[in-house]
Amino acid sequence: MTHTRFIGTTLALALGSVLHPQAAAPGKPVGSSTRAAELIQTLHLKVLPKESGYLGIVGVSQQHVTVDGRSLAVQSQNYYMLTEELPINYLHRLVPDDTHILIEGGPVDYFIFHPDGHVEMVTLGTDITHGERPIVAVPGGCWKALKLHKGARYALIANTLSPEFTPDRVKIGEGSAWIKRFSGTAPWATSEFLRMLVGPNLEK
C-alpha cells in the first residue's frame, strides 16, 4: 500500500469510527479499559517520555520537500493515545503543522497557544452538535497540551505532521515567563491550570 493510499484509508477509518463508533470495536465495548489495553497491544503503542500518553509510529511520506536547506518528508504519521492512567499530553511546541483525527474514544480538550498571544480550547470528539470536532489542526509554531475528559476511558488519535517530525524541531515544557505571558488570556488560563499543563517539564 502506498503512503497516499494509507493516509486516505486512515482518514476513512477514523471518520467511520466517529460516525459509527460501535463498529470500531467488534470484539470489545467502545470506551472500556479492556478495549484500551487491546489497542495498546495490537497497535504496539509505547509510553511517550516527557509528553506522556502512548505513541505508535506508522511511517513517513516518500515525497520530500526542502525546508531551510534541509530535505524532509512531506508528512509523518503516528497513532497517539490518552488513557485514564495517562490523561494528559503535556505542553510542547512543534515546528511542523500537527493534525489530529479522532479514531475512537474521547473526548479530548486541546489547549492551543499561538505565537501572537491568543489562545484556543478545542474539543476533539463526536458530539458535533455541541461543538466537538473529529479533526483538530494545530498550526506549526504553536504550543499545545491535551487533556482527556474525566470519565472517558481513552482516546485513540491519528496524528499527521507536515513536514515530518524530527526531534530537533520540538520543544517540551516551558518556564515561569511563559506561564506569566499566557495567564488570564482565557477564563480557563489560570496560572495553576497552565502549570498543570506544563506538568513535570516546568523549567526552573
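Summary table below
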read-out	value
Test: residue in region 143-155 that is within 14 Å of the chain's Cα centre (by Cα) and over 21 Å from residue 103 (Cβ atoms)	yes
Of all residues making up region 140-161, the number that are in a loop (DSSP other than H, G, I, E, B) and over 24 Å from residue 59 (Cβ atoms)	7
Test for residue 164: is it under 14 Å from residue 91 (Cα atoms), in a loop (DSSP other than H, G, I, E, B) and either charged (D, E, K, R) or at pLDDT below 95 (or both)	no
Index of the failed condition, residue 58 passing every other in (1) surrounded by 13 or more Cβ atoms within 10 Å (Cβ to Cβ); (2) in a loop (DSSP other than H, G, I, E, B)	(2)
Selection within region 149-171 - of a type in the set (A, V, I, L, M) and crowded, with 20+ Cβ neighbours inside 10 Å	155, 156, 157, 158, 161
Hits in region 61-78 - residues which are within 28 Å of residue 38 (Cα to Cα), in a strand (DSSP E or B) and small (Gly, Ala, Ser)	76
Matching option when the condition is small (Gly, Ala, Ser), farther than 20 Å from residue 98 by Cα and touching a residue at least 60 places away in the same chain (Cβ under 8 Å), among 199, 175	199
Contacts under 7 angstrom Cβ, first residue in region 59-80 being within 13 Å of residue 166 (Cα to Cα) and aliphatic (A, V, I, L, M), partner open to solvent by less than 50 Å² (accessible area, probe 1.4 Å) and in a strand (DSSP E or B), 6 or more apart	60/73; 60/76; 74/162
Search result, residues across region 172-186 that are open to solvent by less than 30 Å² (accessible area, probe 1.4 Å) and within 14 Å of residue 196 (Cα to Cα)	173, 174, 175, 178, 179, 182
Search result, residues across region 192-202 that are open to solvent by 50 Å² or more (accessible area, probe 1.4 Å) and part of a helix (DSSP H, G or I)	192, 195, 196, 200
Search result, residues across region 32-55 that are assigned to a helix (DSSP H, G or I), under 12 Å from residue 83 (Cα atoms) and either at pLDDT below 95 or not small (Gly, Ala, Ser) (or both)	33, 34, 35, 39, 40
Which numbered condition residue 59 misses (of (1) under 23 Å from residue 133 (Cβ atoms); (2) modelled with pLDDT of 95 or more)	(1)
Close pairs (7 angstrom Cβ cut-off, 6 or more residues apart or separate chains): among the basic types (Lys, Arg) in region 35-46, open to solvent by 50 Å² or more (accessible area, probe 1.4 Å) anywhere	35/28; 35/29
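Residues checked against (1) touching a helix residue (DSSP H, G or I) at 6+ places or on another chain (Cβ under 6 Å); (2) surrounded by fewer than 19 Cβ atoms within 10 Å (Cβ to Cβ); (3) modelled with pLDDT under 95:
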residue: 73; (1), (2), (3): no, no, no
residue: 79; (1), (2), (3): no, no, no
residue: 88; (1), (2), (3): no, yes, no
residue: 96; (1), (2), (3): no, no, no
residue: 103; (1), (2), (3): yes, no, no
residue: 106; (1), (2), (3): no, no, no
residue: 117; (1), (2), (3): no, yes, no
residue: 120; (1), (2), (3): no, yes, no
residue: 129; (1), (2), (3): no, yes, no
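The values are calculated or read from the model by the stated rules, or taken from the named source; none is laboratory data. Only a predicted model underlies this, so the values are computations on that prediction, with no experimental measurement involved. Counting neighbours? That spans all protein chains shown, and the Cβs are built from the backbone with ideal geometry, glycine included. The area values use the complete protein model at the heavy-atom level, side chains included, leaving out ligands, DNA and RNA. Shrake-Rupley method; radii C 1.70, N 1.55, O 1.52, S 1.80 Å.
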